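Participant: Below you'll find the structure I mean.
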Amino acid sequence: MDLAKQYIIQCIISAANSLRLSSEKIETVAILREKFNKTENLCEEIKNFKRVTELSKLGIKLGELENYIESGKLDFLKLSDKFKEHSYNLVREINYVLDVVTPQMMRNIFQSFENEVINVDLTKRDAVEEDKNENKKQMALPKRSRADELKEAIIFDELNRENGFSFENYEEKVLRPVKDLDSFLNRVAKYDFTESEINNYVKTMNDNAELSKKIGFEILSNMHKIFSAGLDQVNQKKIAPSPNVIESLRACLIVIVAVIRGKEVDITNYLTRAENFGKSILQTKKVV
């Protein structure tokens with residue numbers, strides 16, 4: 001099994017699962033998935049994507065995923081969280097492609113890739129052989145029936161589910177409180193807050209934790225839970241808002257923003273600090 005190929009296919013599908021798609025867009029995703037399933041040279045295929053205006057940004061992201069898998073430095077203990085982060089960071093590019101490329105356009109683009117290869121391979125063959133090969137290719141192209149469309153709809157049932165979710169709304173909902181919370185933490189350090197204020201923030205972060213979990217973004221869900229639990233324990237005077245506590249809470253916010261915005265920065269230290277803080281909160285609850 002080609003690990004890089006399967007990883008990219010699953011990332012594309014997972015990213016598409018975050019969007020509400022029409023039947024036409026579902027078809028485009030199916031064509032995209034099939035293209036990668038059949039490709040024999042993943043690196044060249046991604047290079048082809050980068051040369052097409054509509055697919056170039058997606059191609060760059062896919063190239064980053066290929067480099068990650070092929071680097072030989074995979075940490076399988078953290079692969080699940082890394083996969084969710086990668087698939088999340090694909091959502092914007094997938095959404096753009098589906099907005100500007102129809103199923104027929106996608107087929108035409110992929111056919112142009114095929115034609116480029118054919119032109120190179122047939123330079124030393126005669127015209128009759130070229131026509132035969134071209135005819136075989138045309139005959140080999142699968143014809144989509146209504147049954148095929150229904151199968152795709154079943155396979156991508158999550159894509160077509162009328163649940164009211166959209167990536168843009170999720171992003172806005174999660175990021176909206178972060179800026180206020182960052183400045184609010186400075187007040188918390190000075191005990192300058194009301195119980196009503198802090199309870200509202202605790203509820204907001206709990207709600208966003210549940211939303212993130214429902215969508216499948218485990219890292220983001222955990223960061224929201226840790227922040228909410230920490231703030232709640234400060235409010236209940238189970239822990240003091242020391243500089244260490246405040247910076248640990250802030251680390252949660254940094255991870256949330258970095259993951260959602262797809263920032264190309266190393267957030268390992270922030271993630272570790274936030275997770276360790278989460279463990280210490282758990283210990284505090286057990287003691288109490």
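Participant: Between the DSSP loop rule and a limit of at most 15 other Cβ atoms within 10 Å, which GluC sites (Glu not before Pro) in the stretch 1-98 are left?
Facilitator: On the way: sites: Glu24, Glu27, Glu34, Glu40, Glu44, Glu45, Glu54, Glu64, Glu66, Glu70, Glu85, Glu93; in loops: Glu40.
Those satisfying the criteria are Glu40.
Participant: Follow-up question, since we're still on this one. With respect to the cross-link table entries Lys61/Lys225; Lys47/Lys225; Lys61/Lys238; Lys173/Lys279; Lys5/Lys279, which display a Cα-Cα separation exceeding 32 Å? Present the calculation step by step, with values, prior to reporting the outcome.
Facilitator: On the way: Lys61/Lys225 29 Å; Lys47/Lys225 40 Å; Lys61/Lys238 44 Å; Lys173/Lys279 27 Å; Lys5/Lys279 36 Å.
Pairs exceeding the cut-off: Lys47/Lys225; Lys61/Lys238; Lys5/Lys279.
Participant: Could you state the orientation-averaged shadow area of the convex hull built on the Cα atoms of the stretch 167-287, in nm² to one decimal?
Facilitator: Details: hull surface 28.7 nm².
Taking a quarter of the hull surface, the average projection is 7.2 nm².
Read-outs throughout are calculated quantities, based only on the coordinates presented, and are distinct from any laboratory measurement. It should be emphasised that the depicted structure is a prediction, and the values quoted were computed from it without experimental measurement. Note that we place each Cβ from the backbone using ideal geometry, even for glycine, and neighbour counts take in every protein chain shown.
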